[in-house]
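Take a look at the structure below.
The values are calculated or read from the model by the stated rules, or taken from the named source; none is laboratory data. From a predicted model like this one, the values you see are computed outputs, not experimental measurements. Virtual Cβ from ideal backbone geometry, glycine too; neighbours counted across all protein chains shown. Heads up: the accessible areas ignore ligands, DNA and RNA and are worked out on the full protein's heavy atoms, side chains in. Shrake-Rupley method; radii C 1.70, N 1.55, O 1.52, S 1.80 Å.
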Amino acid sequence: MANLLLVRAAGRQKEIALRTALGAGRFRIVRQMITESVLLALAGGALGTLLAIWGVELLVKLSAGSIPPTAQVRIDATVLASHS
């Protein structure tokens, strides 16, 4: 994700130069980039959480009966919240 953001920022140099030439302040440009980065991070985190939940459910369903302890495998909301 970080590499994608870096590539995107490098590709936007012309846009940033144009905004600066039109009078946009440094704070406004930085605020826009931070806002976009936070929104992308939140979307990526939400998507990753959904994939983890679905993946665990799939793992439990596929291994039902073959490995008994997998019935206890689940996503722990406490751990998820503390690492977010």
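Values [x] -0.94, -1.00, -1.10; [y] -0.86, -0.95, -1.14; [z] -0.81, -0.88, -1.03 are given for comparison; log10 I(q)/I(0) by the Debye sum over Cα atoms at q = 0.18, 0.20, 0.24 Å⁻¹, derived from the coordinates here, is the one labelled [y]. Spacing of the modelled spin labels on Gln13 and Arg31, each 7 Å from Cα toward Cβ, amounts to 2.7 nm.
Computing the accessible area with a 1.4 Å probe over protein heavy atoms, can you report the carbon and sulfur percentage for the chain? Percent of accessible area from carbon and sulfur atoms in the chain: 69. Here the extension length gained between Leu40 and Ala24 equals 3.5 nm, from 0.36 nm per residue of separation less the Cα-Cα distance.
Accessible surface area normalised per residue over the chain is 83 Å², counting heavy atoms of protein chains with a 1.4 Å rolling probe.
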